[in-house]
Every structure is written in C-alpha cells, then in structure tokens.
1. Measuring from the lowest to the highest alpha carbon on each principal axis, how far does segment B:357-444 reach, largest first, in angstroms?
2. For segment C:234-304, which semi-axes, largest first and in whole Å, follow from the square roots of 5 times the eigenvalues of its Cα gyration tensor?
3. Using every pair of alpha-carbon atoms in chain B, split the distances into 10 Å bins beginning at 0 and state the percent of pairs per bin, rounded to integers.
4. Test of understanding: ordering A:160, C:162 by Cβ neighbours within 10 Å, fewest first, what list do you get?
5. Provide, in order from the shortest bin, the percent of all Cα-Cα pairs of segment C:174-308 in each 10 Å bin, continuing until the bin that contains the maximum pair distance.
6. When Cβ neighbours within 10 Å are restricted to other protein chains, what is their mean count per residue of peptide A:96-108?
7. What does the charge add up to near residue A:201, with Lys and Arg as +1, Asp and Glu as -1, over the other residues with Cβ less than 9 Å from its Cβ?
8. Which of the lysines could be linked to residue B:412 by a straight reach, that is with a Cα gap under 18 Å, when you skip same-chain ones fewer than 8 residues away?
Amino acid sequence: MCHEREPEPYDPAVNPSPLIFLNSYGIDVVVALYDTPYTSGDRSTLQTREAWMTTFETHLPAALAAVEGDDSDGDGQSNLEEIELGTIPGDALSHFTAPADPTGDINPDYDVTGYDARFAFRRVATTYCGRAPSYDEVQAFADADAQAQQTLLHAKLDECTDTNYWKSYALRRLADNRIRPIQAVGKYSTIGVALGDYYADYRLFSYVMTGDRDARDLLLADYFIDHEDNVVDNPYENPAPGNAASERQHVPGPDRDADGVALNDDHARAGMITTRWFMVANTMFSELPRTSAAQAMRAYLGEDIGMSEGLRPSLGEPIDPDGKGVTEEACARCHSTLDPLAYAFTYYEGIDFGGTSGEFNADRPPWPDFETNVVMEIYGQPITDAATRGVRSWAEVAANSDAFKRNLVEMMLGQALRRELGPEEAVVVKNLMSTVEDDAYNVNALLHRIVDTDVFGRP
Amino acid sequence: MDARTLLKTYSRRSILKTGALLSATAATSQMWSKKARAQGADKKFLFVVGAAGGGSIIDSFLPVLSNGTPAHEALNTYTADLVTQPNGSNFRCVRSVNAQFDILYPQAYNAAFMSNHAAHSCVMTLEGTSVNHIVAQGRSMNGAGVNNGRTLLEAVAAQHGSDMLLPAVNMAYGGYATPGTDKTLPAFAREEIVGDALYFPVATDPIKGMLPTERDPDRLRPLLNRARRVREDLDNQSAFGRTFRQAPLVENYLHARRDRVAAMREEGLLEKLFLMRNGGGTNLDDYGLDENNEINTILQALPDVADDPFHAQAALAYLLVRHGLSCAVALSPSFGFLEGTTTAIKNAPLGFDYSHTNHRAAQQTMWRRILTVTHGLVTLLQNTPLDDANPSGPTLFDNSLIYVATEFGRSKTRPANANEFSTGHHLNNGNLFVSPLLQGNRVFGGVDADTCLTYGFDPLTGDEAPTTVMREGDMYSAVCQALDVPFAGRRNMSAMMR
Amino acid sequence: MTSTSSSIWVRRLAVCVASLPLALLLACPPSPPGPEPEPTPTPTPEPSAPVDSGEPEPEPSDAGNEPEPEPTDAGNDDDGGVVVTPDGGVDGGSGGCVPPVFDGPFSDAPEPALDEVPAETMMTSARGHLVWKRARQLRNELTDALELPDDELCKELGTKNCYSVHLVALGGNDPIYDAMYEPVAQPSVVTPNAIDRFVLGACETRLQADLAIDPDAPIVDAGPDAGAPPERVFKHLPLDANLAGCEPGIDVHITDMYRRFLRRDPTSAEVAKVRELLTDVAGNPVTGADFALTTCFAVGSSVENIFY
C-alpha cells in the first residue's frame, strides 16, 4: 500500500532515508505522521521494538484519516475511494473506472442494463446444479412474471444446493486447496501408509457449508461426519482399555471411521483446523507448526501471511523458541503474528507413526519454560490456561471476526463468478458481509443473496 | 469494519488485468510459422526437473566423508567405500549402501551421471525457508517471491517466448505447478499445465485421431471443417455472441480457437509431439495416426515413455523445445508408487519423501530416477542442433539450463553408523544444475564436516563463505542471469556464470 | 422417458410417422416447422451409492474414473412423444421433393480468417463477465443432451476416457492423484481443442449408438422389468440415407440440437446457417448420419455452450 518495494534496514551509510522506499501515498502518510515521535527525530523513545510498534500503531489511524480525501497518485480517485475499491492509492496506474453504460438499440435477448432474471436463472442452475436448466424450465421461466421468476429462481437454487453435484463435487473443489490431500498417505494409500483420511475433512466441510448450518463450524465443529454422513460427536464411545495408541486406533464399531479422526476432547477441537489430516499435512514433523498456523489463516480467514496479510502482532513476539532466526527484522514483521498462533498448534501431534497423529498433547512442546517465555495470546486472548490451551480459543475469536465473514463471502462469490474478485465487487462484498451475522452464518442464505446481486445477474 | 481490515481487503490483489490480458493476446496473434526449427542464438531454454519429496545434496554430490569418530557416526556421513569420484569430476558421488530394502532396490547412478556430465554440472548450496512440501515446492519455483511472484517458467517465457505457441509448459507435480502471482505477467507467458504428457499431443488438434479410420475420416474431415466454419458464423451472429463479443473470456477463446489452433495445425504439432506407439492393444493406424519419426531416437534415451509418466514428460519437454514451441518446461515424478520390475522400482512411494522410512535407500532410488531421465534429456538436447541449417553448429543443449529443483533437504543425524534410518525435512540443502551456461565441474559453497550443513559462497567471486547461506532468491537470480532474463532485484551471481 | 405401459414397448416414431399423410412426408414446406413439444432430454440416473462408501477401491477423485454419484437435476419431464408437426398447412401438391438450390463452390478452409464483424448497433454487455463452463459441468450437459452415461461419452484412441485425458484443459483438477488443488484460472491455448474433441467424441458415440438402434424394430414385450426401449436421439433424420434437403425432419433436428445443447429455439437465421451443412464442400448431399454429427458438433461446441 505504501511501499514501492520492501524496505531494507535503516542504515545511514546505505539508505539515508527510508522514504525512498515509499510511494506517493506512503509519503503523504509519513508526512501526516510528522508531528509524532515516529518521525520527529526523537527516537530515544523508540529503542525497543515494542515502543516502535506502539507508536506507529497509535498514530497511524489519524494519519490515514488525514490523507484519505487527498489523491496522492493523481489518478483522479481519492485515497479513500481507492482503498475501498481495492486499488493502490500510491500508484497512478492502479485505479478502477466502472465500465460505461451500454448504448445502442435494445437488446431483445439480454437485459444488459441491469439484472436479467433469465440470465441469472441459467447461471444459478449451471453454477449450483452443475448443468443448465432444461428447455422446458427455461420456457416456463420466460413465460412467468417478474415475481414468479424470483420464486422460480430461488426455488431452483434450493433444489440445486441439495444435489450431490453441489454437496459432493462443487463444495469439495472449494475445499481442495484448504485440505490439500496426498493420496500416497491417505486412507486408500497403496503402500499401507494411511496417515489420515482427508475424506473426513471433505465431509465435514461439505456438511458445514450445507443444510442451513452455521459456517462458523468450519472453525468450531467439535464433531465429525462419518462415511455414512452421520454426525459423530465422539468416535470412541467405548474406548479400548489402556492408552496405547495402537489400541485406540482399532476400536470396533460399525459406524466408526476411526482412521479419519483424532482423539481430542472438545476443548481441543476446532473444526477443520484440528482434524487429523490437517495436522498430518501441515504440521508433519514440525515442533513449532508455523505452516499449520499459516494455512489456518489462509484457508479460513483468507489472509496469506506470506503476503503480509492478516498482521496482528503480539507485542514481545517473536521469541523464536526453536531458533529459526525469525527475530530478524525482515522476518519479525510477520512472525510476530504467525508464531503466537503456531504456539497453539504446537500442542497437536503432527505425523506420528504410532497412530496419535493430530491428537492434542499438552506435553508436546519440547522447549523448557516454553509457556512462560512466549507470548501466549492471540487476539488478546490468553491461551496459557489448560482449559483454553490450543487452537480453540483462537478459533472462537477468528470465527466471529470480520476476516472470517469476508473470507466466507469471497469464497462463495468467487465460486459463483469463478474469477478473482476486484473493485467491481468491493461494494457487494462489503454489503454481503453485513448480512452474514444476521443470517446466522448460513451459507445457503448467503447464496440466495448472491444470486440476487447485480454482479451475478447482470449480463 | 475496522480500518485495518478494510486496508487489507484487496490492497495486494489490485488488478490491471484487462489491459494486460488483451494486449498480450494481441501479441500472440503473430504467425508462428516457419521458424520452428531455426532457433535464434539468443534463445535460451529452461528445464526444471522437480525432485519431489526432498532430494538431499549430501546424499548425492556433496557427501561428508566420515572420519570414524562417534560424532561422525551420528551424522549422515559416508565412509570412503561408499563414495566415489569419477575421473575428471570434482564431485564426490555417493554409492548405494543397501542392495535391497523393503520394496526398494537402490542402485545409485550418481557417479555414472557425473562420468558423462561433470564438465557442465555444478552444485549450488542453498537453505530454503519452508519445510512444508507444497509451500517449499512453490518457493523453489518462484524464488520465494524475488521476482514479483513470477515463477522461473513464467519469467523465462516472458523473456524468450513471445513468438512461441506454448512458451511455458508445466507438467510437474504438486507445488511445482503452482502458478505465479505476478499480475503484470503477459498472458502468453502463463504456464500451460499438462496433466498427461503422453496424451497431451492429441490436444493440439481439434479433430485428428478422434474418429476411427473405419469411419473414413478423410471424408469426414472436410465436413467437420465446414462445421467449424459454420460454428464461427453462428458464434458471430447469435444473440449470445453479439452480446458478449467483448467479454475477455469469449474474445480470448475465439482468438485461441481461430488463430492459435490454426497455427498449431499448420505447424503439425500433433505429429511433432506425438509419443504413442503401436502395440499393446493400440493400433495407431485405426485412428489415422502414425508414430513420430523421431520416436526411436527418443526411446533410446528415454525407453519407458509408454509406461512411465516421467519419461513421457521428458520426451515431451524435448520435443516442445526442439520444435521451437516452448522455452521453459517443468517436469517431475509424482508421489505415486510405480513398481517397474521386482529389481528396479521406478518410483518410490512419496518420491524422495520415502526417506521418512529409509533415507539412503529412498535417496539413491530417486536420485537414480532423476538422473537417468535428466541424462536422457541431455543426450537428446546434445544431439539436436540449435539451427537445422547449421547441423554442426551449437546444439540445443548449448543454450539450455536444467535446474534440479527440490523442496528441501533432509535431517542430518542418524543412529550411530546406521545405513538404514529415517530422516525428516530440513531447510539446509543444495541444488544440482546441468548447463553449459554455468561454470561446470564445480561446487559453489561447501559443507561443514562437523554438522553436515551446507554453507554459502560469495556470488561474485565464488569463494566459500562459511558463515552464510544462499536462499531461493539467489538460486532464482542465478538461473535468470544464465538465461538472460533481467528483473528488478536480480542478485548478481556472476561467479556461477561461464 | 416414461412409458405409458411398462410392459409394452411402443415404437412411437414409427407410429407417428406412419399416421401422417404421405404427401406431408414428401412435400417441401415453404418454411421451417414451428416449435413442437420436444421432450426434455432425460439423463441417465446415476447409482445412489454415497461418494465415500468405505470401499477401498476405486478412490474417489476427479479423474473421471470414480463411481461418484450425481443425481440428475435437469428435470424429469416425461417424454411426451415425438410428433412431427409441420408449421401450419403444407403444400403437398407438388408431389416430388425438390431440393433447395445450393450456390457453390463452398470454401473448405478449415480455419477462416476472422472477418471484420460489423459494428454492433444493439446494446452489448458492458461488463463482459462470463463464467467458463468447466469440465464437470460440460460433461453433465453432454450426458443430458445426448442421453449417454458420463463414462461412455468419449474415448481417445478408443481407450482412454476423454474427460480424464483433457481434464486440466477442460478446467477441472484432480486433487487426489495429481495433487492439483486449483484448476487453471482461464482456458488455455489447447482448451478449444479439448472441448472440440470432447464434444465431437460424444456426438460420434451418440451417432453410433443411434445407428445400432433399429427404429423399425417390431414391438416386443420384454416384461415389466425391461425398462424403456432405446430410442434414437437423432431420430428426426434418416441416418442411412442421403438428405435431399427438404425433409421436414431436418429443421426439427436442428431445433432439437438447439434445445438439447443451448436450451432454446434457434432463430430462422440460425436454422438457415446450420442447413449449410446439408452439403459437402462440392455441393453434394450428405447423409443423415453426417448431418447429425456435424450439427451436433457445431451447436454443442459453440461458445454459447462453453460460457454462461
């Protein structure tokens, strides 16, 4: 947003001014910060990273507000307009101009000036049923009045979201990059190395995203869906005696899909990000599973920390208990957010050939005095207490966050439009986000709103 | 919505796509005609061979010789009898330690490879930044984002492929096929993802081979061509076509269907790229197809094209470059288990990641796989002139760079003196390059005998720098420098250049 | 298609045709027949086994070779029967069939230069945001339109399922065996070929299936469990005969193709354009089978069927 390129460490001999890394918008923001200790030259109060971050964060909102009405890059759109549209306010080449309204003779087949119900009806069927409506359906729709068309369109959507195409195919394609299966070590491994069952993850994803259920269960579900689509609270009602992992893997029961799930109490269950497969695929053998934390953010909050998104640093972090060098300035920028979340995932087994993959283990962190040394908080939530230790506490905050809502909206709108969302959809996304809570995070309700939008139904 | 959330919303996903897409589309409407076999001397070619699963450099071309101490016995060091150095080669090459382990019958190929290719091979030490397969595979292709998110294939294609039909082709597995994230990439440089190398050639023609000869395709082909012509008129005149003529999807699709397909047919891509043979229940003549007239030459170098996807990928990679269709190709074995024969497993389950079960057996099995195919590819390139009109002149290989990518190394410890042990993922490693464009017969960087950790080098002088490590961006820069691909932020790796 | 009687096969086409006056069959109607109550294509029901049946093999994937069930949702309209109803009155007094005059010679150039299309005077889409109909969707619609099982639509070299071969180019992805977690964002340079081959292969499969059905077969009582008798999809054309160009079934067939693939009726201009396929490049008549194949291919692979 503010930088033309990544800033390098301040070194008077090499980089006389950090301003050279800023674009026009960044410079305007810095100027607005001028009267604050951040740039006044009195850096005596900025000897610690914490002080630096606190000062910057304290004064940044006011600085941003001060320049939001300006047009820093001179492209004809104010900084605020560009931010709301998603273009870069410091880059004149980055701007959005809405396409001109169509002109010419009336188009008898497509209403290109607004929402075209016939066009939308066909799109609903193709998107959610996986096939266009039949000729007879199209004719009946065309013959109906506007109100009847609305009824038919939404009825079609209801019909489609109950099909196997939607539940067992289309939703699973949405889940692919969130689950990331590896056939060689999945349930049907041909080499006898079944580390987990990603199909359990697919079932859970599809279940939560259908049936008028609460989508927050993507992060909060404390149940599983077995291979007969039953909701299973605890796959081991009568756990085998003893604690040997090998015994716990083979509990008999006709409805139990033991291979797919990890044995965790509710306090350690957090939907898709605490499944056995999630830990197998992401934590693997890591002591500090930063990859798991990053994937949780990317998949369910839409924040790619590798692109500096979703930064919510915990002051005092990173501590770097495993000595990976993440306290270096270039690394700390992101790891001050990532590492605290990774601490929560530390308590879950990754790949364990003894059969405990994915299980919560309070004794797993190998570093002495781990919990007293690191900052165990995420979103201001403490996670040192045994009852709240683990991913659950993060998930409860994350599931109710704006980021979760935005990701949910973008996921479903992106699925419908099959393109990366841009400035044209910015307002639509914002409006849909405001409905998610009122709709109790019901994905079907969200889809009903999506199909009524201009971006969906306008040719 | 809080300001921070709002700020995050699209700020790094801003799009200028429409203009870039259409202008790039226009650029690709040039005719790719008779220049196919006359490659310009300035054309460079990149082959990325993905050693999927974690190919360890200290188990191939940079082993640490054991000094017999308990410390060394607890590290992944090799006794002298397990290391050999071919005549004229500066590379220490690891030999097999297991005659058999479980399902693997590892037979090292490292020394044999260097006997042939040491003069134009080099090793560069490198320490990556992720131990996750998918993430690390992607970073091995995009240099951890050093070039605005462009993959190596995209960067090379953007530089050298504007007049090619399929500039960048990616047949590799998993994260090696992750597209780049640079929004300014010209559309023509986007990677063509190929899932099935053996059958891909048929996708270069809309009709040929679809109808059996008993249906008299010679009679039907003109009828179908007329149908295509009628379809063009229908698409121009239908309400849908008229309403959405300017839609980028339609515009680009029609352009591809009308012009690029025509170019592919005119170039005879299907015939040039075809890899299938008669036999085993397949009679090509039944579908009006013939074997490629180069197939025998290809099979001498890559004998398992019909049954082994990795061989088929390498064959296709060669043909794509040989016919001037591509300048950047990626290939890799998958994680799938290929049995082969009882004494020669084609592909270990999980590829190099079978090291979790038996490290040395997995490494030798898979290095053999990687190196035999690379050797086959190099052989084909070495025997093909860059310019048909100058058969005794430079070869395709002279302008090529083969980068053996891998996601990470393996852990460095073992039970005392063990030859069978398991290893995990480890950031510290190195990569093999095979190219006359780079200094040959050389290791850039070194390995610490006390830790088995590799260390870096001065990229300008080539001198070892034991307190440093090289990163993905250094590797990316070296490849781009060798292939004449400039970009802002490219690091100077002159020590590696020939 | 639902039989009115479960125990008796009824050759509706033969019955209907036989009931029409001979003159109607031979006369050239001055204009294409109007729309008729064409039955909605009824796709083949899929097995009802759950996706994850717990069985070890085969593993569900998107490679096109798994028993993933998808109930068909294209509507379950009964087959109301095929009745050839020419538009209004037909002058049958001329007796013999006088083929339309065709102007030749026709260009056989397979890839015409993209002619300058006249500037559009009516309003067009300003936003231009269409969606690509990807692999599974396209396959679904081909199975609907051509009434074929999805795993029998098309085979490359007679062996490998086209859907699997061209999955990536068709916009699909196999996350299980290929570890491909996202499909390609846009059609690739070979996507048009992949679609052409897929559609052509499916049309050819349908044609061969039609040719194996004898529409004049005698009525056979095959018992209550026999199910509906097979019926040709290209039933409006005499597949084995050269087309004179004036058969009323031609325009009915063209309309049928539009309804099956594009779910709408063709305009008269579109009918006239498709009728150009009634002759080969030398102006000679083609057979009903040839016309079925080329029209199926042309309509089925038009951009209107690729984007929505």
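1. 59, 24, 20
2. Working: eigenvalues 70, 31, 24 Å².
With the √(5λ) rule applied to segment C:234-304, the semi-axes are 19, 12, 11 Å.
3. Going out from 0 Å in 10 Å bins, chain B shows 4, 18, 28, 24, 15, 7, 2, 0, 0 percent.
4. Numbers: A:160 22, C:162 25.
Ascending number of Cβ neighbours within 10 Å: A:160, C:162.
5. P(r) over segment C:174-308, rounded to whole percents: 11, 33, 29, 17, 9, 1.
6. Values: counts 3, 0, 2, 7, 1, 2, 8, 5, 6, 4, 2, 8, 2.
That average works out to 4.
7. Numbers: positive: A:178, A:203, A:276; negative: A:197.
Neighbourhood net charge equals +2.
8. Those lysines meeting the cut-off are A:324.
Bear in mind these aren't lab numbers, they're just calculated from the coordinates by the rules spelled out. Predicted, not measured: the structure shown is a model, and the values here were computed from it. Note that each Cβ is placed from the backbone with ideal geometry, even for glycine, and that neighbours are counted across all protein chains shown.
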